[in-house]
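To keep things clear, I will list the structure first and then write my remarks on it.
The values are calculated or read from the model by the stated rules, or taken from the named source; none is laboratory data. Quick caveat: nothing in here was measured; it's all calculated off a predicted structure. Counting neighbours? That spans all protein chains shown, and the Cβs are built from the backbone with ideal geometry, glycine included. Surface accessibility is based on the protein's heavy atoms, side chains included, excluding ligands, DNA and RNA. Shrake-Rupley method; radii C 1.70, N 1.55, O 1.52, S 1.80 Å.
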Amino acid sequence: MAPISPAPPAVDTALPKPRTAVVLSVIALVLIGLNLRAGITGASALLHDLQLVLGYGPLVAAIIPSIPTLCFAVAGAATSWLTGRLGVEKSILLSLGMLAAGLLLRGIPATGMLVIGTVLGMSGLAVCNVAMPSFIREHFAGRTSLMTGLYTVTMTTGATATAVVVVPLAQALGSPSAAVGAIGIMAIAAFLGFLPVALHAHRNSVRTRTGRISPWPLLRTRKGLLLTAIFTVQALLAYALLSWFPYMLTTMGLSASDSGLMYGLMQLVSVPAGMLLIAIGSRRRMLRPAFYLVSVTMALGVAALLFLPVGLAVIPAVLLGFGLGIFPLVMVMISRSGTNTAETTALSTLAQSTGYLLATVGPFGAGLLHSATGSWTLPLSLLLVLALVQIVVAHLLTGSPSAGNTSKKK
């Protein structure tokens with residue numbers, strides 16, 4: 001494969017960051033993390049109620065949970081260009097404004113507002129998703145594993161809390177639309193929390209043009225190809241489950257409240273799972289065992305959901321929750337990749353935009369197959385096959401001593 005010429009390094013003569021700026025950066029990172037799945041899991045837990053109240057048909061019902069991954073692909077692909085023009089911090093601030101506006105729009109009880117708000121909010125989320133590894137690399141260069149772990153733990157914490165709270169909130173407000181709209185308050189808090197960080201970066205950093213790297217040639221590198229593959233498979237599995245898990249349990253005979261509880265349990269388990277996997281994977285020669293552990297557990301979770309009676313839903317909830325812990329491992333690898341921030345952003349753009357585009361098939365396809373067959377057997381069988389594919393990709397990804405170095409060419 002043709003070698004990739006390194007981009008000229010960005011000139012960044014930022015002043016040493018005072019302690020206050022570091023603290024503000026950590027607070028902002030936590031607030032952002034709390035929002036990065038809340039808008040998705042909150043809507044997922046109320047998909048059945050939203051369809052009943054708003055009256056949209058099965059096609060729209062299949063499209064709505066597919067919007068996040070589609071937006072992550074399309075809007076995420078523009079992040080490398082956007083950060084090259086505005087800088088990482090201003091791009092994240094813009095994305096948080098879009099997220100807040102989109103989530104608040106979903107509070108208007110109309111199908112059109114639900115769709116438009118989801119598109120706007122998830123587009124903002126896409127930019128933030130792709131830019132965060134570069135933000136961590138720039139602001140916490142010596143602590144990428146710790147900060148990525150904190151960021152992903154707060155992400156799953158926000159998702160878990162939202163999944164558990166949103167159904168009772170909808171009942172208290174008397175409207176599922178009002179409940180999903182209320183999630184936008186968290187996004188406003190993240191915007192306000194990140195504003196001082198963006199202002200500090202603007203006032204104290206003098207930049208030249210960043211020497212942007214195009215993401216797509218990185219597909220010709222072994223690391224770029226395999227990171228994109230692992231991100232694609234885990235995203236397809238994750239978003240199919242995040243979108244439909246509570247609805248699956250409800251249609252299998254579990255009550256809506258118990259389904260929401262199992263959904264919250266799945267999210268809750270993913271929090272310590274992610275930290276444990278990062279701790280294991282950060283040790284010498286333990287990255288491959290960490291990927292094996294999480295990938296095999298995901299396969300067992302899908303099999304349990306497929307074959308066990310719904311009364312034992314706690315078993316797949318725990319197994320799948322642990323399987324979702326793969327995301328922090330992948331994000332740590334992306335944050336450590338590249339020779340500079342521009343290359344890290346390019347690799348993040350490549351893996352996430354391509355991965356999410358292909359992962360759109362997960363929630364959309366699962367919904368359509370369920371509508372066509374009246375059963376979750378076929379969708380879950382295909383997800384089980386994908387879980388087995390993830391084991392193979394993880395094996396290839398961690399097979400080289402240079403697994404963390406994207407400059408190795410295929």
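Distance from the alpha carbon centroid of the stretch 293-310 to that of the stretch 358-393 works out to 13 angstrom. Return the distance in nm (one decimal) between the two label points of a simple spin-label model at ARG19 and TYR292, each offset 7 Å from Cα along Cα→Cβ. Each label point is offset 7 Å from its Cα along the Cβ direction, giving 4.5 nm.
With Rh defined as the Kirkwood radius, the inverse of the mean 1/r over Cα pairs, the Rg/Rh of the stretch 39-174 is 1.02. When both the stretch 244-263 and the stretch 62-139 are represented by their alpha-carbon centers, they are found 28 Å apart.
Once both labels are positioned 7 Å from their Cα atoms along Cα-to-Cβ, the gap between ALA279 and ALA172 label points is 3.4 nm.
For the pair SER375 and HIS395, what calculated FRET efficiency results from E = 1/(1 + (r/R0)^6), where r is the Cβ-Cβ distance and R0 = 45 Å, to the nearest 0.05?
0.90
Using the Cα coordinates of the chain, the gyration tensor eigenvalues translate into equivalent-ellipsoid semi-axes of 33, 25, 18 Å, sorted from longest to shortest.
Here the extension length gained between LEU146 and PHE307 equals 54.2 nm, from 0.36 nm per residue of separation less the Cα-Cα distance.
Taking θ as phi - 60° and the Karplus parameters 6.51, -1.76 and 1.60, the scalar couplings of the stretch 300-309 work out to 5, x, 5, 5, 5, 5, 6, 10, 7, x Hz in sequence order, x denoting glycine and proline.
Surface analysis of the stretch 179-292 yields an accessible area of 42 Å² per residue, using protein heavy atoms and a 1.4 Å probe.
Taking LEU82, LEU120 and ordering them by how much accessible surface each has at a 1.4 Å probe, largest first, produces LEU120, LEU82. Couplings 3J(HN,Hα) for the stretch 183-192, derived from phi with the Karplus relation 6.51 cos²θ - 1.76 cosθ + 1.60 (θ = phi - 60°), are 4, x, 5, 5, 5, 4, 4, 5, 4, 5 Hz, where x marks Gly and Pro.
Surface listing: GLU138, GLU89 arranged by accessible area from highest to lowest gives GLU138, GLU89, probe 1.4 Å.
For the chain, what is the mean residue ellipticity at 222 nm derived from helices alone (per DSSP H run of n ≥ 4: -39500 (n - 2.57); sum divided by total residues; nearest 500 deg cm²/dmol)?
-25500 deg cm²/dmol
Here the stretch 100-194 was treated as a single set of alpha-carbon atoms; its pair distances binned every 10 Å from 0 give 15, 40, 30, 12, 2 percent. With a cut-off of 13 Å between beta carbons, the residues surrounding LEU29 carry a summed charge of 0, where Lys and Arg count +1 and Asp and Glu -1. Note on VAL60 and TRP216: their simple-model spin labels are 3.5 nm apart, each label 7 Å out from Cα toward Cβ.
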